[in-house]
Structures are given as structure tokens and as C-alpha cells.
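The values are calculated or read from the model by the stated rules, or taken from the named source; none is laboratory data. No experiment lies behind these values; they were computed from the predicted model shown. All Cβ positions, even for glycine, are placed from backbone atoms using ideal geometry, and neighbour counts span all protein chains on display. Keep in mind that these areas ignore ligands, DNA and RNA; they rest on the heavy atoms of the full protein, side chains included. Shrake-Rupley method; radii C 1.70, N 1.55, O 1.52, S 1.80 Å.
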Amino acid sequence: MSAAAENESERDEEPAYRWPIPPAGGWTADDLDRIPGLPPHTELIDGSLVFMTPQTRFHLRCMRLLEFNLLAQAPDHLDVDREFTIRLDGKNRPEPDLLVVPVEADSGPGQTWHRPEDVILAVEVVSADSTERDREVKPRKYAAAGVRHYWRVEQDDDMGLPVVYVYELDPATKSYGLTGIFHDRLKLTVPFDIEIDLTAINRRPGT
């Protein structure tokens, strides 16, 4: 190979991605908006970056089912955001799969996070790599920050359908209490009246 051809080949090769090196005290919530080249949906937990694995079809369709129904049934003063971070404190900025917030929590097109006091409901669909975070770490942090309602959604091993674990905040202890486990159909009156056919996960929304 000639030198010219070798140089051309080197120029065609994409440079390897250089993972960000954390500062001594760990990353901050504000750093999440400033670190260049982060993969989509990177979260910050206890000052450490958490990267997402590729979604499964169950995860994707479960989010679609829940988002469609939340948007369709939420009262006019509430809105639904998908995969949007909550700034819990200076070292924690997790990204729930779905959030319900007041419409006035929208601060404009450049907004990148919500305050925990504005989040009425946070929803996490559990993945293989997020089980511990979604069952233990995130609900503990959401509750301590004052997020009023939390749903954890897992896949039923037998039928492949969603199972929804519903939690409500005890404001005195800043911890969640389990208020119900829902198979096939989710029906609640808080944080607003909502009914979702969980068996419709593989049907087009609205059909």
C-alpha cells in the first residue's frame, strides 16, 4: 500500500469514543447537560453515569401502551413526558420511562429535567439490567425526594404481559407503600381516574 493510500485509510477510520473520566467527587446533575457525546438516556445515580442497554420489544410496547392511556385519560391540567430526567439533587438525575406532571411544569423547549416536587407519577418498566435500580434504588430516591406516586412494571413470565406494582408516598416517613398489584387490567382513582387493559400491549393504541 502506498503512503497516500495508507493516509487515506487512516482518515476513513472513525476515532474511538473516549469515555468521560469522572472528577474526584463524581459527576453532578448539571454535568449531564454538558458532557459531550453521551449515549441517549444516560442517567446519573449517586454521581455515577448509568448507560442504557437496547430496549426489548416488551419494554417498547409497554411504554407505548401506558403512554397512550395516560395521555388519553389524564385531566387537562396534567401532561405526560416520556424518558425525561428528574433532578432529585446535585448527584442524582434519573430518567423514568414515563412521568406525569402539571402542565405548568413545562418551562420551555430547552428544558431537560423536572423538579421532584412537580412529578405526580413516575413509571419505570423493568429491564434485565435495571432490576435492582427499579425495585430498590430509584423508588427509595423518588420517595425521599417527594415524588407522590410510583409504578413499577414487570413482565409476567408465563404470559409475557405487564404486571403493574402501584406505590403511594407516605409523606410522614418519605417512603412508599404498596397499594396494589395489577394483572390484566389496571384501574385506579389516584392520582386520577384511570383504567388500562394490560392485555392490549401488542395491539395498536386505540383499537
| Of all residues in the stretch 126-153, which are part of a loop (DSSP other than H, G, I, E, B) and not polar (S, T, N, Q)? | Val126, Ala128, Asp129, Gly146, Val147, Arg148
| Is it the case that Arg148 is touching a helix residue (DSSP H, G or I) at 6+ places or on another chain (Cβ under 8 Å) and either surrounded by fewer than 20 Cβ atoms within 10 Å (Cβ to Cβ) or not hydrophobic (A, V, I, L, M, F, W, C) (or both)? | no
| What are the residue pairs meeting all of these: first residue in the stretch 99-125, first residue at negative phi and part of a helix (DSSP H, G or I), second residue of a type in the set (A, V, I, L, M, F, W, C) and open to solvent by 10 Å² or more (accessible area, probe 1.4 Å), Cβ atoms under 7 Å, and 6 or more apart or on different chains? | Val103/Leu78; Pro116/Leu88; Pro116/Ala145; Asp118/Ala105
| task | Go through the stretch 113-154 and count every residue that is in contact with a Ser or Thr (Cβ under 9 Å, 6 or more places away or on another chain), among the aliphatic types (A, V, I, L, M) and more than 21 Å from Leu78 (Cα to Cα). | result | 2
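Give Ala172, Ala200 a once-over and let me know the one that is touching a residue at least 60 places away in the same chain (Cβ under 8 Å) and either more than 21 Å from the chain's Cα centre (by Cα) or under 23 Å from Val137 (Cβ atoms) (or both).
Details: Ala172 fails: touching a residue at least 60 places away in the same chain (Cβ under 8 Å).
Only one candidate passes the filter, namely Ala200.
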| Subset of the stretch 185-207 that is within 11 Å of Leu161 (Cβ to Cβ) and assigned to a loop (DSSP other than H, G, I, E, B) - its residue that is modelled with the lowest pLDDT | Asn202
| task | Could you list all residues from the stretch 62-76 that are outside any helix (DSSP H, G or I) and either within 20 Å of the chain's Cα centre (by Cα) or under 21 Å from Ser127 (Cα atoms) (or both)? | result | Ala74
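Sort out which residues of the stretch 73-90 are over 14 Å from Phe192 (Cβ atoms) and either touching a Cys at 6+ places or on another chain (Cβ under 8 Å) or surrounded by 17 or more Cβ atoms within 10 Å (Cβ to Cβ) (or both), and write them in order of number. Quick ask: steps written out before the conclusion?
Here is the first cut: in the stretch 73-90, the residues over 14 Å from Phe192 (Cβ atoms) are 81-90.
Of everything in the stretch 73-90, those that are over 14 Å from Phe192 (Cβ atoms) and either touching a Cys at 6+ places or on another chain (Cβ under 8 Å) or surrounded by 17 or more Cβ atoms within 10 Å (Cβ to Cβ) (or both) turn out to be Asp81, Phe84, Thr85, Ile86, Arg87, Leu88.
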| said: When the residues of the stretch 136-151 are narrowed to those that are in contact with an Asp or Glu (Cβ under 9 Å, 6 or more places away or on another chain) and of a type in the set (Lys, Arg), which ends up nearest to Pro96 (Cα to Cα)? | reply: Lys138
| task | Could you tell me which residue of the stretch 7-54 is modelled with the lowest pLDDT, considering only residues that are surrounded by 10 or more Cβ atoms within 10 Å (Cβ to Cβ) and acidic (Asp, Glu)? | result | Glu8
